[in-house]
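Okay, structure first, notes after.
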Amino acid sequence: MSNRTHALSVDLEDWFHAELVRKKALHQENFIPQSLPPVLDLLDKYKVKATFFILGSVVENNIALIQKIIKTGHEIASHGFSHKPLWELTPEDLNRELQQTEEVIRVIDPKVKIKGYRAPTFSLNESTSWALRVLNDRGYRYDSSIFPLKNSLYGVSNAPLCIYRPDLNNIVRESTDGSLFEFPLTVFKLGKLKIPVAGGFYLRAIPLKIVVACLKKIDRANRPFVIYFHPWECDPNVPKIDLSFLASFITYYRIDKMLIKLEHLLKYFDFS
């Protein structure tokens with residue numbers, strides 16, 4: 001088993017919210033009632049509590065499942081309301097989205113206090129760093145939006161790999177007195193090479209042996225890591241739309257193996 005406890009997180013959104021799908025999905029069938037229960041069953045099987053970054057717009061049509069998440073003892077965090085990435089929002093928009101999500105959760109259970117946030121599409125970077133100040137002003141305790149590896153869509157290549165308190169004026173610099181913590185997505189560094197082993201598409205696409213080997217090394221270094229995934233990418237019956245080859249590959253590749261890979265991680269590492 002692992003040397004320390006790591007973080008397991010679920011981005012609770014629907015299939016049509018995925019970045020490469022959201023502007024092309026002509027129908028928006030609610031698939032959460034089908035895709036989420038197997039995830040909850042798997043977590044219950046291994047007695048693992050996760051952090052659910054919940055998209056506010058999905059709450060109204062899935063109240064019973066949100067209640068079950070809360071009742072089971074999982075943490076509720078915010079994924080915003082509309083799933084628009086930060087580069088499509090203003091600070092006022094984000095503040096409004098956070099408020100909306102807090103309010104719909106409060107209706108279900110007024111005792112829930114949301115402390116964490118994850119930006120859709122990991123869209124927190126140098127140009128959208130204003131979001132941290134919005135979170136800080138609203139009293140949030142942590143963010144988990146920075147991917148310390150740059151690709152064509154997102155990422156902050158020079159961000160720290162470990163948990164840190166970001167300077168609100170410079171997200172790659174650690175603050176000595178900040179109250180907001182950043183829990184970056186997991187990247188394993190091998191020399192100059194960075195291997196994204198945080199979950200999601202990377203967990204589906206990278207051979208499990210490589211993912212586990214990287215996570216073991218991170219674990220042995222006593223560095224806590226975070227795994228993320230979406231319930232829709234655990235269900236091979238999820239609706240599929242016509243996308244470019246690359247977009248289709250990123251969105252749908254090996255979703256039939258995701259739960260199997262997750263279960264393997266739950267067997268080997270300690271999560272909370």
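Couple of notes before you dig in:
- Under the convention that each Lys and Arg Cβ holds +1 and each Asp and Glu Cβ holds -1, the size of the dipole of the chain around its Cα centre is about 1120 debye.
- Whole-number D in µm²/s for the chain (Stokes-Einstein; Kirkwood sum over Cα pairs; 20 °C, 1.002 mPa s): 114 µm²/s
- Pairs of lysines in the stretch 37-117 whose Cα atoms sit within less than 21 Å of one another amount to 16, provided the residues are eight or more positions apart or on different chains.
- Ligands, DNA and RNA aside, residue 162 has an accessible area near 70 Å² when probed at 1.4 Å.
- Put simply, the stretch 159-270 fits an ellipsoid with semi-axes of 29, 18, 13 Å; these come from the alpha carbon gyration tensor as the roots of five times its eigenvalues, largest first.
- Cα convex hull, the stretch 200-252: 83 Å³ per residue, rounded to a whole number.
- Cα gyration tensor of the stretch 1-132 - equivalent ellipsoid semi-axes, whole Å, descending: 24, 18, 16
- Cross-link reach list, lysines versus residue 194, counting only Cα pairs under 26 Å and skipping chain neighbours closer than eight places: 150, 209, 216, 217, 257, 261, 267
The values are calculated or read from the model by the stated rules, or taken from the named source; none is laboratory data. These numbers come from a predicted model, not from an experiment. Backbone-built Cβ (ideal geometry, glycine too); neighbour counts: all protein chains shown. To get the accessible areas, we keep the full protein, side chains included, count just its heavy atoms, and leave off ligands, DNA and RNA. Shrake-Rupley method; radii C 1.70, N 1.55, O 1.52, S 1.80 Å.
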